[in-house]
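Okay, structure first, notes after.
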Amino acid sequence: MRVGSGAWATTTTAAIAALWPETDPRTPMLVEADASGGDLAARLRLPVDPGLVQVAADARHGAPADVLHRHAQQAQVAGRQLPVVVAPPGPAQARVALPTLVRSGALRGPADTVLHIDAGRIAPHDPAWPLLAQADAVVAVVRAHTDALAHLAAINTDLQRAAGPRLVILLADGVYPPQEVATAFDVAVLPMSVPTDAQAAAILSGQLDAGRRWRRLPLFCAAADIAASLSEGIDVSLSDEQSVEVTV
């Protein structure tokens, strides 16, 4: 299970799930667990039901191993067919559903599935916060600009306490290089970054259809590299003395 956090989490998580290596025998699944509500249903032109609320309803009575698959919808995500569990569009239902899902362990998923969970702009008071302790990798997606990094800095200590060495930062665009951010935050930063790519973003938001050459777009090329690293396990060196490994 991998949890992403940040303003670009939805686009990035969807791209990584769509580019998950086909050599990996596990099935990638995209799950929306944003306490402020989701937008995948609107983006992918899916109904809101079934989705996260129905998973929570089942989980109240004991979550079967396939509960996520029961309520996942099949969707075309950038040219790939993926099971997707959508969140309701507003915060009211999402905030009620998430504590039940966390307590039940329903968001851990079966062993043959890789869960790509979009946790949105998560914070310590968020009902999805306990997912960080359950994830195999916690990917904090943040723009490499002063204002965005300041928001991450405000919860960096809490993130490190919750996720430990499973926390990595993924920079999206911006001006600060990975090594500088790694030194400032004392957290591993992935060497690849998420570029600004309006065409790929439009494909992921459902505004454009994926053409034959969609994989060549910059965002999808980066997502393929990130997905391969997460699938194989990451060994990121912050310095000569310290290295962090995140295994999915």
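Only helical runs count toward this figure. For the chain, summing -39,500 (n - 2.57) over DSSP H runs of n ≥ 4 and dividing by all residues gives -10500 deg cm²/dmol at 222 nm. Take 215-227, 152-164 and order them by the average number of nearby Cβ atoms within 10 Å per residue, most first; the result is 215-227, 152-164.
Ordering Arg166, Arg121, Arg43 from the fewest to the most neighbouring beta carbons within 10 Å gives Arg121, Arg43, Arg166.
As a length-normalised measure over Cα pairs under 8 Å and 6 or more apart, the relative contact order of the chain settles at 26 percent.
Return the percentage of antiparallel bridges among DSSP beta bridges fully within the chain, rounded to the nearest 5 %. Intermediate values should be presented prior to the final figure.
Numbers: 9 of 34 bridges.
So the antiparallel bridges in the chain amount to around 25 percent.
Judged by the gyration tensor of its Cα atoms, with axes a ≥ b ≥ c, region 1-142 is rounded; a/c sits under the 1.5 cut.
The numbers here are math on the coordinates, done by the rules we state, and not lab data. This structure is a prediction, so every number in the text was calculated from the model and none was measured. FYI the Cβ positions are ideal-geometry reconstructions off the backbone, even for glycines, and counts take in every protein chain you see.
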